[in-house]
1. Output the residues belonging to the stretch 45-66 that are surrounded by fewer than 19 Cβ atoms within 10 Å (Cβ to Cβ) and not in a loop (DSSP other than H, G, I, E, B).
2. Quick one: in the stretch 113-136, which of the residues that are exposed (fewer than 13 other Cβ atoms within 10 Å of the Cβ) and within 20 Å of residue 42 (Cβ to Cβ) is modelled with the highest pLDDT?
3. Restricting the search to the stretch 25-44, which residues are surrounded by fewer than 14 Cβ atoms within 10 Å (Cβ to Cβ), assigned to a helix (DSSP H, G or I) and free of Cβ contacts under 8 Å to residues at least 40 places away in the same chain?
């Protein structure tokens, strides 16, 4: 019986998903960073659902600048950690938090008119799907398999061997 070579496995799939999601976060963070006119004001001011008052409170003049800065920084951190495969559990947790906030600001509930969102879905939208993907990335980190964490761990192993 001939041996078959493993072509594509779970680790490969999760690593690819991690990189793609990381790229999405990184792009969103950088595009906002380099656009001096970007602000989260419109998104927050048009919030809907049960937490509308929380999100609209974040639009006050003294707060929205901080919200914008934290949002950009968090997007870039998630993007870098997931794309590069280092501290990916931290990146996944921050990504889950951001996506939960985005979901709750504009929940795709059928009884709400969908404002300032891409598409109109019932309960499930791309933010929730990406959130679940980040949960998978948290549970199955692939940085040791394909990422900078593998490079750093390899260097540690080489140092240990040299010191023997």
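1. The answer is 45, 52, 53, 54, 56, 57, 61, 62, 63, 64, 65, 66.
2. Taking the candidates together, the pick is 113.
3. Passing the criteria: only 31.
The values are calculated or read from the model by the stated rules, or taken from the named source; none is laboratory data. Note that the structure is predicted; figures quoted are calculated from it, not measured. Every residue, glycine as well, gets a Cβ built from its backbone with ideal geometry; the counts of neighbours run over all protein chains shown.
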